Amino acid sequence: MAIRTYEENGKKLYEVYVNGFNSRGIRIQRKRCGVETLRKAEQIEFELKRELAVLKEERVPYRFGEWFNVCMKRMRLEFMPSTIAGYETQVVKWVHPHWQNTDLSTITKAEVYDLIFHKCAEINTPITRLNLLKRLKRLFQMAIEEGVLDRNPCTGIKIRVAEAVQEVLTVAEVDIFLRGAKLAHHRFYPVWATALMTGMRSGELYALKWTDIDFDGRTISVSRAWNSKCGFTPTKTRRSRIVPISDDFISFLRERKLKEGAESEFVLPRLKEWEDGEQARVTREFCVGLGITSVKFHDLRATFITSLLARGESLARVMSIVGHSELKTTNGYLRKAGVDVQGGTDKLGYKLPEGTGAKILSLVKNES
């Protein structure tokens with residue numbers, strides 16, 4: 001900030017100069033020359049300082065890329081690192097090339113549609129498009145919650161995705177699967193057995209410690225998970241839960257603890273294929289070799305859930321055991337188990353004809 005004097009054509013004049021930063025942190029400079037009196041120069045300096053103060057406090061519309069950075073900073077306080085990585089990977093790859101410097105408030109529903117279906121034409125699966133749309137919708141919703149926007153341009157856009165077919169093992173196949181793994185001394189047998197007896201997620205199984213097991217209370221405390229990107233973290237829902245232990249499984253755990261020794265920290269073996277995310281492939285290949293339904297590792301959890309539901313366990317109790325945060329998730333497995341439709345055709349008003357012992361007539365023409 002300065003007022004300086006200079007001469008021009010033999011006349012004394014004043015120059016006023018002020019500088020500062022606007023709300024984006026960009027340096028702003030203002031200068032007025034040719035002011036005839038000091039009093040006038042001081043008045044101009046006052047007005048220019050007011051102008052800069054307004055610019056500093058002014059609410060400048062966000063560019064999409066700027067708002068995305070704000071959202072990521074806030075979401076890191078609430079969400080898992082893997083969730084943040086998913087946002088950063090998708091948005092930076094598909095959205096930033098088109099919208100990074102676009103005024104957030106000018107993005108319309110038509111532009112969202114054009115981005116999803118045309119500008120990102122290289123996205124070749126409906127589920128990837130749907131995930132991108134969900135992430136964009138969340139970013140715009142955060143802008144509404146903060147008063148930055150008054151509408152969500154993603155509202156009303158729908159992407160139809162066929163329901164994924166999730167395979168499960170039948171009771172007979174579970175018996176074949178576990179017996180085969182045990183007889184073969186398969187390295188994954190303890191992992192598969194624990195998955196099928198508890199319904200725990202892969203990362204929760206990997207993080208399971210002996211201190212999490214209450215042999216007297218016959219329960220497992222599930223409070224952490226593991227993944228190759230972030231290491232040990234809270235569970236997927238960030239909530240702890242208790243899983244009850246059945247009679248035969250507690251015997252399995254006692255035998256395993258005896259075998260592993262007192263110094264063992266983790267319940268299950270540290271397998272490289274598991275750490276590298278290859279457990280689904282290993283599981284499928286073993287099922288194919290046994291001639292049973294080819295399931296992925298996560299399908300063992302689905303097998304656990306559908307088996308309990310099919311045998312009359314309540315929806316609420318199964319939801320609590322497996323750690324679902326929403327009832328609709330568990331309800332999907334109820335449909336898979338067929339529990340909600342069992343007996344639904346018993347009230348038909350007609351039946352197939354009963355056997356009468358009549359002879360079957362030949363309809364072949366006699367050529368003689």
What angle, in degrees between 0 and 90 and rounded to the nearest 10, separates the Cα long axis of helix 247-260 from the longest principal axis of the Cα atoms of the chain? 70
Interatomic Cα distance distribution for region 76-142, bins of 5 angstrom, percent: 3, 15, 28, 29, 15, 9, 1
Placing +1 at every Lys and Arg Cβ and -1 at every Asp and Glu Cβ, with all other atoms neutral, what dipole size does region 144-289 have around its Cα centre, in debye to the nearest 20? 140
Theoretical ellipticity at 222 nm over the chain - DSSP helices of four or more residues, -39500 (n - 2.57) apiece, nearest 500: -13500 deg cm²/dmol
What nm distance separates the two modelled labels at Ile157 and Thr293, each placed 7 Å from Cα along Cα→Cβ? 3.7
Helix 327-337 versus the longest principal axis of the chain: what angle, 0 to 90°, nearest 10, using Cα atoms? 30
Given charges of +1 on the Cβ of Lys and Arg and -1 on the Cβ of Asp and Glu, with all other atoms neutral, how large is the dipole of the chain about its Cα centre, in debye to the nearest 20? 620
State to the nearest 20 debye the size of the charge dipole of region 146-224 about its Cα centre, where the only charges are +1 on K and R beta carbons and -1 on D and E beta carbons. 220
Stretched out fully, how many nm does the piece from Tyr17 to Glu354 gain, at 0.36 nm a residue minus the Cα gap? 110.9 nm
Positive end of the dipole of the chain, charges at C-beta (+1 Lys, Arg; -1 Asp, Glu), about the Cα centre: which of Leu48, Leu309, Gly261 has its Cα farthest in that direction? Leu48
Dipole-positive endmost among Ile144, Phe117, Ser105 within region 86-146 (Cβ charges, Cα centre): Phe117
So with the 1.4 Å probe, I'd like the accessible area per residue for the chain, rounded to whole Å². 62
Taking only the alpha-carbon atoms of region 1-138, the convex hull volume per residue, in cubic angstrom, is 153
Longest principal axis of the chain (C-alpha) makes with the long axis of helix 279-290 (C-alpha) an angle, in degrees to the nearest 10, of 20
Fraction of accessible area attributable to carbon and sulfur, the chain (%, probe 1.4 Å): 52
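The values are calculated or read from the model by the stated rules, or taken from the named source; none is laboratory data. Here the structure is a predicted model, which means the values were calculated and not measured. So basically every Cβ, Gly included, is an ideal-geometry build from the backbone, and we count neighbours across all protein chains shown. Just the protein is used for accessible areas: all its heavy atoms, side chains included, with ligands, DNA and RNA removed. Shrake-Rupley method; radii C 1.70, N 1.55, O 1.52, S 1.80 Å.
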